[in-house]
Amino acid sequence: MTMRYLMLAAAAAALMLATPAQAAEIKVLSSNAVKTVLEELGPQFEKSSGHKIAITWGTAAALKADIEKGAAVDLAVLTDQGVDDLIKQDKLASRTALARSGIAVAVHKGAPKPDLSNADAFKKLLLSAKSIAYVEAGASGIYLKGLFERLGVAEEIKGKLKSVKAAGVAVADGEAEIGFTQVSEILPYAGAEVGGMLPPDIQSFTSFSLGVSKGSEAAGLLVKFLTTPAAAAVVKAKGLEPR
């Protein structure tokens, strides 16, 4: 048993002592960027606490809109700005930092790694690629659309852009030659791999936080579990930077 799992077990044991006797179902609305993290840590929390987690996945922007329209939520895993906006609207009560991620380039498994040394090299990659997958409504997709405009290639690559639900999947399945998304959304798929990160001069980082609704004691326990040092090790292993 690794030290990471020993630490998680210790954190879980501590939570058991603090957990109310009555089990609850924690309604979580989470960005796809942290899906692999919650898929690993969620069951461990359930086992140790007795609480159940019901997760709805999606883009941070879409989930934020759902909460604004009245969707039930105990814990929201969204961008910092999204959580802050919902706190201002009295939809959430607090924000706790979780992780951040830059934009990565997904390539098919075994394909040559592209030159990502600077903005000019990135521009050449866009122009030479046969097809490009991205999540248009995601945080990275919103940024990339503006970046394509600034680089002056938006019209030239318009015909080969593919708006998909998961860029990593699209590349793995051969639907696109390259894709842009967070590292955490590339690593799970055997047919795709990380070809590199966007060049530093055009990179954009998205920060994700945990937003708890008012009066959700069980969600507060989940936040504590997700922000232990052992949980941070899982966050890092899944391609995100713990905060």
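The values are calculated or read from the model by the stated rules, or taken from the named source; none is laboratory data. Note that the coordinates shown come from a computational prediction; the quantities given were computed from them, not determined experimentally. We place every Cβ from the backbone using ideal geometry, glycine too, and count neighbours over all the protein chains shown. Calculation scope for accessible area: heavy atoms of the full protein, side chains included, ligands and nucleic acids excluded. Shrake-Rupley method; radii C 1.70, N 1.55, O 1.52, S 1.80 Å.
Go through Ala133, Ala137, Ala121 for me and flag whichever is outside any helix (DSSP H, G or I), at negative phi and open to solvent by less than 30 Å² (accessible area, probe 1.4 Å). The unique qualifying residue is Ala133.
Just so you know, in region 57-101 the residues that are β-branched (Val, Ile, Thr) and either in contact with a Lys or Arg (Cβ under 7 Å, 6 or more places away or on another chain) or closer than 10 Å to Phe208 by Cβ (or both) include one that is most open to solvent (accessible area, probe 1.4 Å), and it is Ile87. Pairs meeting the criteria (first residue in region 122-133 and among the aromatic types (Phe, Trp, Tyr), second residue open to solvent by 10 Å² or more (accessible area, probe 1.4 Å), beta carbons under 7 Å, at least 6 apart or on different chains) are Phe122/Leu116; Phe122/Ile202. Quick one: which residue in Gly191, Gly195, Gly220 is without any contact (Cβ under 8 Å) to a residue 24 or more places away in the chain, touching a strand residue (DSSP E or B) at 6+ places or on another chain (Cβ under 8 Å) and of a type outside the set (A, V, I, L, M)? None of the other options fit; the residue is Gly220.
Leu144 falls short of the stated requirement of being buried (at least 19 other Cβ atoms within 10 Å of the Cβ) and assigned to a loop (DSSP other than H, G, I, E, B).
If you go through region 45-81 and keep only what is assigned to a helix (DSSP H, G or I), free of Cβ contacts under 8 Å to residues at least 40 places away in the same chain and either in contact with a strand residue (DSSP E or B) (Cβ under 9 Å, 6 or more places away or on another chain) or more than 19 Å from Glu217 (Cβ to Cβ) (or both), you end up with Glu46, Leu63, Lys64, Ala65, Asp66, Ile67, Glu68, Gln81.
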